[in-house]
1. For region 212-224, state whether one or more residues are without any contact (Cβ under 8 Å) to a residue 24 or more places away in the chain and assigned by TED's automatic domain parsing to the domain that holds Gly153.
2. In region 27-51, how many are assigned to a helix (DSSP H, G or I) and farther than 18 Å from Gly105 by Cβ?
3. List the residue pairs whose Cβ atoms are under 7 Å apart, where the first residue sits in region 260-285 and is under 16 Å from Ala242 (Cβ atoms), the second is surrounded by fewer than 13 Cβ atoms within 10 Å (Cβ to Cβ), and the two are 6 or more positions apart or on different chains.
4. With respect to Val155, determine if the residue is within 16 Å of the ligand (Cβ to nearest atom) and out of contact with any Ser or Thr (no Cβ under 6 Å at 6 or more places or on another chain).
5. Among all residue pairs at least 6 apart or on different chains, which show Cβ distances below 7 Å where the first residue, located in region 12-34, is assigned by TED's automatic domain parsing to the domain that holds Asp81 and the second is loosely packed, with under 12 Cβ neighbours inside 10 Å and assigned to a loop (DSSP other than H, G, I, E, B)?
6. Exactly one of these conditions fails for Ala128: (1) closer than 27 Å to Gly250 by Cα; (2) in contact with a Gly (Cβ under 8 Å, 6 or more places away or on another chain); (3) not acidic (Asp, Glu). Give me its number.
7. Mind checking whether some residue in region 258-269 is within 16 Å of the ligand (Cβ to nearest atom) and loosely packed, with under 15 Cβ neighbours inside 10 Å?
8. Any idea how many residues of region 94-115 are within 19 Å of Arg281 (Cα to Cα), in contact with a helix residue (DSSP H, G or I) (Cβ under 8 Å, 6 or more places away or on another chain) and surrounded by fewer than 20 Cβ atoms within 10 Å (Cβ to Cβ)?
Amino acid sequence: MPDTFKAILVSRDAEKKQSVDVVDLTEADLMEGDVTVAVEATTVNYKDGLAITGKAPVVRRWPLVPGIDFAGTVISSAHPDWRKGDHVILNGWGVGETHHGAYAGRARVKGDWLVPLPEGMSAHDAMAVGTAGYTAMLSVMALERHGIVPDRGPVVVTGAAGGVGSVAISILSSLGYHVIASTGRNAESPYLIDLGAAEVISREELSQPAKPLAKERWAGGVDSVGSHTLANVLSMTSYGGAIAACGLAGGMDLPSSVAPFILRGVSLLGIDSVMAPKQVRLEAWRRVSADLDLEKLSTLSRTIGFDGIIDAAHDIVEGRIRGRVVVDM
Ligand code: NDP
């Protein structure tokens, strides 16, 4: 009898009605790839919530094991870079969308998709960062490349109490930025200040239709919300500033004008974590391990078991999750 392991499987019937089940799989059920990994930790990202609830077309091949990121140990490898026993991280590359993902005891993927677990980090730490935290780091790196250093002025972080937002605040504050956190959950102000926010503002200040230009309030920012929020953030960015746009928790539209770009020289920096090249990933994970305080990481994350994944997926799309959720497999 081959070894079995538990997995979450998202399926569709002939009427395209989605169902989610916990099943037993064997390695023969996994998809093509040259490295098989024992999944030790994973996480519940906003995208995983969309995949499990079916709220947006994240899953594009059925049946599919969702879960866009994991950390674990290589069990077998035919890839020259990886050997049995290596500790690895995976984010993106269509895993959990078109390729069986993290919500299973084992995963088989292409070795080219993997990066090594940074020294000093456990699988649990890496998933407390997860795709959300690595995306926050990509956003900070984009701001730095644009010359948005702490001396240029404050930076705003929207969706502050979410995963991307919480990690962005921690990293930016450790780097010496004056961070303005925007949240719809005012009760989370003490948490945000604990992470390093210097000021907390209400989501309402940024959620109404934006004027082409408004009073200059920040030199840069990390936006995980999109829609009117991003439009307002841009209209309030000071001359020559830049905003890293990485999310759509408030909507995919951008009801803005060209005014911030052509009258204030503001830049909009697009952030994609899924197809980011390996060199960029390696640098982002190096920076995460250097710039993110592991103590803050434990403040902004909580741990659940495999059995809690489906409930957490519903909670994250309803905006009920604070910070990051780590799944101990
Ligand atoms: P979370 O759900 O953890 O955080 C999103 C936060 O956005 C919420 O906590 C809430 O923050 C705020 N929010 C939610 N709904 C609304 C709304 N209707 N209007 C305004 N604010 C809202 O998700 P993640 O942090 O994991 O991801 C954030 C976004 O970034 C998602 O859209 C995700 O798809 C995207 N993303 C993109 C990546 C990329 O490669 N570009 C990679 C990873 C994530 P608060 O309660 O503080 O207001």
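The values are calculated or read from the model by the stated rules, or taken from the named source; none is laboratory data. All of these numbers come straight from a predicted model, not from anything done at the bench. Here Cβ is always computed from backbone atoms with ideal geometry, including for glycine, and neighbour counts include all displayed protein chains.
1. Yes, region 212-224 contains a residue that is without any contact (Cβ under 8 Å) to a residue 24 or more places away in the chain and assigned by TED's automatic domain parsing to the domain that holds Gly153.
2. 5
3. Arg264/Tyr239; Gly265/Tyr239
4. Yes.
5. Filtered contacts from region 12-34: Thr26/Pro2; Thr26/Asp3; Glu27/Pro2; Ala28/Pro2; Asp34/Ala78.
6. With (1) closer than 27 Å to Gly250 by Cα; (2) in contact with a Gly (Cβ under 8 Å, 6 or more places away or on another chain); (3) not acidic (Asp, Glu) applied to Ala128, the lone miss is (2).
7. no
8. Looking only at that region, the number is 2.
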